[in-house]
1. Students often check this: by mean Cβ neighbours within 10 Å, which of 251-259, 39-47 ranks highest, and how do the rest follow?
2. Can you tell me, using C-alpha contacts under 8 Å and at least 6 residues apart, the relative contact order of the stretch 132-187 as a whole percent?
3. With each run of n ≥ 4 DSSP H residues scored as -39500 (n - 2.57), what mean residue ellipticity at 222 nm is computed for the chain after dividing by its residue count and rounding to the nearest 500 deg cm²/dmol?
4. Calculate, in nm to one decimal, what residue 243 and residue 19 gain on full extension: separation in residues at 0.36 nm each, minus their alpha carbon distance.
5. Need the C-alpha centroid separation for the stretch 64-94 versus the stretch 191-265, integer Å.
6. Apply the a/c threshold of 1.5 to the C-alpha gyration tensor of the stretch 184-245 and tell me whether it is rounded, prolate or oblate.
7. Expected output is a single nm value to one decimal: the length gained when fully extending between residue 49 and residue 70, i.e. 0.36 nm times separation in residues minus the C-alpha distance. What is it?
8. Tell me, what is the percent relative contact order of the chain, built from C-alpha pairs under 8 Å that lie six or more residues apart?
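Taken together, the values in this text are just the output of simple stated rules run on the coordinates, not laboratory data. Everything numeric here is computed off the predicted structure, so don't read it as measured data. Glycine also receives a Cβ, built like all others from the backbone with ideal geometry; neighbour counts cover every protein chain displayed.
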Ligand code: SF4
């Protein structure tokens, strides 16, 4: 392989060298999900100048600072409203939201469901590590039942959200899931989201060995990735599993839902024309 090909494959041009090295813990899955996003951008030939990355607050949301696009690192839970404003101001931009499970489904939960409801043309990638990593390991809305966290030292009793089912029920028109173990598949799922004109939601299951793994007997990043390998099942195969297997911690990955509803920009243009016509 030539030096030129090696440089291209490293995807260096998509990252801000002066902001690296990143601050994520060794073995953290966030870097894998971040790379999957730029691979999807490359795959779809999206322009770096016309792509905006918006993030909230948390370990995963630090990604926007490392990525060499127009980026916005916003307030906790507020990435989707900021991204909505950007998209409405300039609909030709590709607007990508990076968010975590706490950011998206707790403090930002209402923004999330209303973004889905509006079917605004965003691609939202949720880095789901099942815990609040940055603030010390508190249980989040996706912490599995019985899993340990600093706020649930004997196991969580709160039933977790299935973020994909929440997105579908709220009106998202593209819903997919993959994991940091299935890197190429994850990148394909994100690329599919770029093709959808409307609210695209991709859940990327990522390992957090520091805050989640250590408390739940999976301190090694490799053990956490093996868990993803052994429990993630492609949707078509998952649908055929007996209920006993489904309830044994297995979860579906792949394209989970897609529909053709009109997106917010298109609907809003119609309203603008109507309003303009009324004033004539
Ligand atoms: Fe990653 Fe967890 Fe460390 Fe945060 S605390 S950087 S999510 S491993």
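1. Packing order, densest peptide first, comes out as 251-259, 39-47.
2. 21 percent
3. Calculated at 222 nm, the ellipticity per residue is -10500 deg cm²/dmol.
4. Roughly 76.0 nm would be gained on extension.
5. 24 Å
6. oblate
7. This chain segment gains 6.8 nm when fully extended.
8. 17 percent
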